[in-house]
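Derivation of every value follows stated rules applied to the coordinates shown; laboratory data play no part. Predicted model only: the values in this text are computed from it and were never measured. Cβ atoms come from the backbone with ideal geometry, glycine included; neighbour counts cover every protein chain shown.
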Amino acid sequence: MQRARAAALDAACIIVFVVIGRSSHVEGLSLGGVARTSWPFLVGAAVGWAVARAWRRPMDMVPTGIVVWLATVAVGMVLRVVAGQGTAAAFVAVALGFLGLEILGWRALARVVGPRWGNRTAEDDAYATSSSRVRPGAGDRP
């Protein structure tokens, strides 16, 4: 569940980036247009997930988030060139900044919001459950 949630959030970050970009450049928000603009970045994120083996610790900022972020931008830009789409220096800078803020930002926020979003394992849950139990007689002492 955690892996699927993390992958969906990374993909949502890319879609938000594309939708904001397309609407600010008056390119329209057709499904085809959003798909055409987002696919290179989505492939880049998938490459980042593979390189970082993100399924192991999908919520980690380091290295998972950083690798996914940088691969999303780098691979996305290369694929945009191959597909004949633009890669102006200003666009690369905006993509680095915005996608970094989003992809790293949701991971940072997840750490603050609650441990259920963090990298919990079965061992963590077992430890939390056993250490939170009250021992019999423990409350009897002053």
Practice problem: Go through the range 39-49 residue by residue and turn each phi into a ³J(HN,Hα) via Karplus (6.51, -1.76, 1.60, θ = phi - 60°); whole Hz please, and just put x for glycine and proline. | Solution: 4, x, 6, 5, 5, x, 5, 5, 4, x, 4
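Sorted by average packing, counted as other Cβ atoms within 10 angstrom per residue and highest first, what order do 79-87, 45-53 take?
On the way: 79-87: 12.3, 45-53: 18.9.
Put in order of decreasing packing, that is 45-53, 79-87.
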Self-check item: Mean Cβ neighbour count within 10 Å, used as a protection proxy, ranking 23-29, 96-102 highest first
Solution: 96-102, 23-29
